[in-house]
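The values are calculated or read from the model by the stated rules, or taken from the named source; none is laboratory data. Fair warning: this is a prediction, and the values are worked out from it, not measured in the lab. Please note: Cβ atoms are built from the backbone with ideal geometry, for glycine as well, and neighbour counts cover all protein chains shown.
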There are 2 protein chains.
Amino acid sequence: MSHNAELIAVGTELLLGNIANTDAQMLSQGLSALGINVYYHTVVGDNPQRLRKAVELAKSRADIIITTGGLGPTCDDLTKNVLAECFGKKLVRHEESQRRIEEYFAALGRIPTENNAQQAMLPEGCTVLSNDWGTAPGVAFEVDGVCVVMLPGPPRECRAMFEHRAAPYLRRFAGGDILSRTLRLFGVGEAAVEQLLREKMNAMTNPTLAPYAKEGEVELRITAKAGSREEAQSLIAPVEEELRGALGPLVYGADVPSLEAVVLELLKKHGRTLGCAESCTGGLIAKRMTDLPGASAVFRGGVVSYATQVKHTVLGVPEELLEEYGAVSDPAARSMAQGAREVLGCDLAVSATGVAGPEADERGNPVGLIFVALSAPEGTWVRRIQAGGIRERARTLAASHAFDLIRRYLEGLPLELEELTL
Amino acid sequence: MSHNAELIAVGTELLLGNIANTDAQMLSQGLSALGINVYYHTVVGDNPQRLRKAVELAKSRADIIITTGGLGPTCDDLTKNVLAECFGKKLVRHEESQRRIEEYFAALGRIPTENNAQQAMLPEGCTVLSNDWGTAPGVAFEVDGVCVVMLPGPPRECRAMFEHRAAPYLRRFAGGDILSRTLRLFGVGEAAVEQLLREKMNAMTNPTLAPYAKEGEVELRITAKAGSREEAQSLIAPVEEELRGALGPLVYGADVPSLEAVVLELLKKHGRTLGCAESCTGGLIAKRMTDLPGASAVFRGGVVSYATQVKHTVLGVPEELLEEYGAVSDPAARSMAQGAREVLGCDLAVSATGVAGPEADERGNPVGLIFVALSAPEGTWVRRIQAGGIRERARTLAASHAFDLIRRYLEGLPLELEELTL
């Protein structure tokens, strides 16, 4: 039997346009991966009457209702109160949730307010979806063949709660096994990948293949539907093999969280330490590395040499070099990476220097021109990139190129980017 | 008379989560600026039955219905056909639109398909909203006191069509001017602010006051509705003054983009340069500073001293100090900030050192314990914070505390955080 879900987002900030309903997008993707159809999204404000109407309507046409938002202390737990009422359930105190909320605030050195305590009042007989990413617990229950799941609204919490709590709960409604595997590519544009694979993609029905562009990277998602997980896997494997053959070193991983996560694992595997010297990226390389728990095992640190003088005084880039070639140049990137290796005492160091904008530099280097270097015991390599005029995108790309250099070096791949042959 | 609108987005790609419904966000902002209330957003797929149900429902509860999507040749002009049917209108050929479509394709060196030609069939007696950004014309009409507006789905087209075609058409329904002003607070929790202001908020009708929690910060939005912009401003001003009085230095700005943007302006105004020394934040302070165009005027750089040894070798933190107190300590934070000022040659420097997790450190300091310091010519100050167990949140909070120290120092405010008195 095929199930159909309806998503109800609760929040006046959505109706005012302060935020987009990205929760609905994330949940729709997740439900689609479970083989559960989504027929409607509804957004209502923090208004009990209108929420009640939306719930009654959803009840009449969907067998899974997922709400987002309206669980926090500032909205009087609107969602929980209205849903409990619509499904004839009383709210009772949940001791475990009460304790978790108290602990959460104790860890912050604060005392929960009465509003916070209200969050531990949950519909009787429900499955509690414990929240390790915030204070409001999620809730799931089934009444008269309708399954209700309530999740918190903040996107970071909502995503984690769906992946780790709601999706496992909903797996019972999954329509067969749907399995996805995502190849991640760096160093090639979406349009080139799309052109290379278009005919193939159009001809495929199971598995399917879809490209997604994402912050200077491309994802290729292979999705198979089959009676069992093993069967789905055996449909995916030959497609993955063929794609890896066609795309070569552009593929940096499958089902991996990020380029920097791949780099961290490679550094650990090869027992190498890393440092960085950053100008235009201004700390972003170090930040992305240290976003990862466990980075301290291999990451020694970095120097953000934003002012030209700091490149000389801290990293030891010769003043004459900076005068002759300028801070945005192949020799400067090279010298920064070499300097970082020495100053920070690490095996490998990367550097980035470029014009992040908003204007061209005083030597006439255009916005978006960036040099990225890798220094290792065997030598130093530089990649020159033109990252375009959008500041944030240029910085992200520069940091990703630095990680790509490390990855290719540690995997023994060519450091030059490949051209795709059609 | 106050009008209320309902947004209906048509597109299976929304229900599959391939894209987020950003059109709804854009339209909600635009309608709010026109003083038109939005009570519901609905998303349906490319399915005539379900779209018809959504339209019938909207007709019963809204007096303005705005649809997005489903106007293109690939979906058989679903939206236009269903809406015309629901409102008892025939489709007739619109010569001007026919001509525009032919011209559009001629300019591309292509010939319109039969589907394209269908786009010139429009509901009889409607106002045509000509589309200079794509092929499908928009449509507006009124039947039995309900106003219907249909816009194309692609966000770029939808935005332009709303701003230049639909908004002028809808101005007749505008309910005066709506103006918002957002106070931004750092150093206090949402629940505490809510508890302090709850009674006041509940008693207010115009302007209204609403708090939002956002990455360790709180926003307070004051929204006024009035006959003119000036009148709305004069409603907001006394509320802002009262809030600033009650919240004191916790308010770091009104209608400002971020804490770091406020800090950047203050540094420029006072002619001071900044540097940083980062351990647990791992580059995030530098990254947030250099996210801002123009940061190079005051930001000299930073040292990411992730490994303890780098705190000594690059920042000059004495080894004995690190041995006696450990890297996560008041003296270490103090010495890091002082070292950064010297090494980077800047007027002010901030530092952050703490346990970002996932585990307590070898001295037993708990996850989330962080010391943040500011060093200035007159002295060095340290703030000890307990940022909780979520890595990303702890790092964001630590960086924000560093910016808050700089802000308070430059504004001559107390560096200690205030307790809110209820």
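Okay, here's what the table says:
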quantity: Enumeration of residues in region B:256-266 that are away from chain A (no Cβ under 13 Å) and in contact with a helix residue (DSSP H, G or I) (Cβ under 7 Å, 6 or more places away or on another chain); calculated: B:Val256, B:Leu259, B:Val262, B:Val263, B:Leu266
quantity: Residue, nearest to B:Gly35 (Cα to Cα), within region B:232-245, restricted to residues that are exposed (fewer than 15 other Cβ atoms within 10 Å of the Cβ) and not polar (S, T, N, Q); calculated: B:Ala237
quantity: Positions within region B:198-227 being more than 22 Å from the chain's Cα centre (by Cα) and either of a type in the set (Phe, Trp, Tyr) or within 9 Å of another protein chain (Cβ to nearest Cβ) (or both), in sequence order; calculated: B:Arg198
quantity: Condition broken by B:Thr127, with the remaining ones in (1) of a type outside the set (D, E, K, R); (2) surrounded by fewer than 17 Cβ atoms within 10 Å (Cβ to Cβ); (3) touching a Lys or Arg at 6+ places or on another chain (Cβ under 7 Å) satisfied; calculated: (3)
quantity: Cβ pairs under 6 Å, 6+ apart, first in region B:249-270 and of a type in the set (Asp, Glu), second at pLDDT 95 or above; calculated: B:Glu260/B:Arg288; B:Glu260/B:Met289; B:Glu260/B:Phe403
quantity: Counted residues, region A:1-29 - those being within 24 Å of the chain's Cα centre (by Cα), among the aliphatic types (A, V, I, L, M) and surrounded by fewer than 24 Cβ atoms within 10 Å (Cβ to Cβ); calculated: 3
quantity: Any hit, region A:316-323, residues being of a type in the set (Gly, Ala, Ser), more than 10 Å from every other protein chain (Cβ to nearest Cβ) and either under 30 Å from A:Lys268 (Cα atoms) or in a helix (DSSP H, G or I) (or both); calculated: yes
quantity: Region B:267-284, residues that are more than 7 Å from chain A (Cβ to nearest Cβ), surrounded by 24 or more Cβ atoms within 10 Å (Cβ to Cβ) and either in a helix (DSSP H, G or I) or of a type outside the set (A, V, I, L, M) (or both); calculated: B:Gly275, B:Cys276, B:Glu278, B:Ser279, B:Cys280, B:Thr281
quantity: Test for B:Ser329: is it more than 12 Å from chain A (Cβ to nearest Cβ), without any contact (Cβ under 8 Å) to a residue 60 or more places away in the chain, among the small types (Gly, Ala, Ser) and more than 23 Å from B:Val298 (Cβ to Cβ); calculated: yes
quantity: Residues located in region A:28-52, provided they are facing chain B (nearest Cβ under 7 Å) and of a type outside the set (Gly, Ala, Ser); calculated: A:Gln29, A:Val38, A:Tyr39, A:Tyr40, A:His41, A:Thr42, A:Val43, A:Val44, A:Arg50
quantity: Among residues of region B:347-363, those that are surrounded by 23 or more Cβ atoms within 10 Å (Cβ to Cβ), at pLDDT 95 or above and either part of a loop (DSSP other than H, G, I, E, B) or in contact with a Ser or Thr (Cβ under 6 Å, 6 or more places away or on another chain) (or both), counted; calculated: 3
quantity: Residue in region A:292-308 that is farthest from the chain's Cα centre (by Cα), counting only those that are surrounded by fewer than 24 Cβ atoms within 10 Å (Cβ to Cβ) and at the interface with chain B (Cβ under 7 Å from one of its Cβ atoms); calculated: A:Ala307
quantity: Looking only at region B:126-183, and only at residues there that are of a type in the set (Asp, Glu) and either in a loop (DSSP other than H, G, I, E, B) or under 27 Å from the mean Cα position of the chain (by Cα) (or both), the one that is modelled with the lowest pLDDT; calculated: B:Asp177
quantity: Restricting region A:74-106 to residues that are surrounded by fewer than 17 Cβ atoms within 10 Å (Cβ to Cβ) and within 14 Å of chain B (Cβ to nearest Cβ), the residue that is modelled with the lowest pLDDT; calculated: A:Asp76
quantity: Count - residues of region B:2-25 that are facing another protein chain (nearest Cβ under 7 Å) and in contact (Cβ under 8 Å) with a residue 60 or more places away in the chain; calculated: 1
quantity: A:Arg52 vs. criteria of a type outside the set (Val, Ile, Thr), under 16 Å from A:Gly11 (Cα atoms) and surrounded by fewer than 20 Cβ atoms within 10 Å (Cβ to Cβ); calculated: yes
quantity: Every pair of residues 6+ apart whose Cβ atoms lie under 6 Å, when the first sits in region B:171-197 and is facing chain A (nearest Cβ under 10 Å) and surrounded by 18 or more Cβ atoms within 10 Å (Cβ to Cβ) while the second is at pLDDT below 85 and part of a strand (DSSP E or B); calculated: B:Ile178/B:Lys225; B:Glu190/B:Pro211; B:Glu190/B:Ala213; B:Val193/B:Pro211; B:Glu194/B:Pro211
quantity: Every residue from region A:50-71 that is of a type outside the set (Val, Ile, Thr) and closer than 17 Å to B:Tyr39 by Cα; calculated: A:Arg50, A:Leu51, A:Arg52, A:Lys53, A:Ala54, A:Glu56, A:Leu57, A:Ala58, A:Gly69, A:Gly70
quantity: Sole exception among (1) surrounded by fewer than 19 Cβ atoms within 10 Å (Cβ to Cβ); (2) outside any loop (DSSP other than H, G, I, E, B) for A:Met336, by number; calculated: (1)
quantity: Unique residue being of a type outside the set (A, V, I, L, M, F, W, C), over 24 Å from A:Glu241 (Cβ atoms) and away from chain B (no Cβ under 14 Å) when the list is A:Pro155, A:Pro123; calculated: A:Pro123
quantity: Residue list for region A:355-389, restricted to those being touching a residue at least 24 places away in the same chain (Cβ under 8 Å) and of a type in the set (Gly, Ala, Ser); calculated: A:Ala356, A:Gly357, A:Gly368, A:Ala373, A:Ser375, A:Ala376, A:Ala387, A:Gly389
quantity: Odd one out for B:Arg288, checked against (1) more than 9 Å from chain A (Cβ to nearest Cβ); (2) under 24 Å from A:Gly357 (Cα atoms); calculated: (1)
quantity: Lone qualifier among B:Asn202, B:Asn206 - being more than 27 Å from B:Ile385 (Cα to Cα) and modelled with pLDDT under 85; calculated: B:Asn202
quantity: Subset of region A:215-228 [over 30 Å from A:Leu397 (Cα atoms) and exposed (fewer than 12 other Cβ atoms within 10 Å of the Cβ)]; calculated: A:Gly227, A:Ser228
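For every residue, the table says whether it meets (1) among the basic types (Lys, Arg); (2) modelled with pLDDT under 95.
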| residue | (1), (2) |
| --- | --- |
| A:Ala224 | no, yes |
| A:Glu230 | no, yes |
| A:Gly253 | no, no |
| A:Glu265 | no, no |
| A:Arg272 | yes, no |
| A:Gly275 | no, no |
| A:Ser279 | no, no |
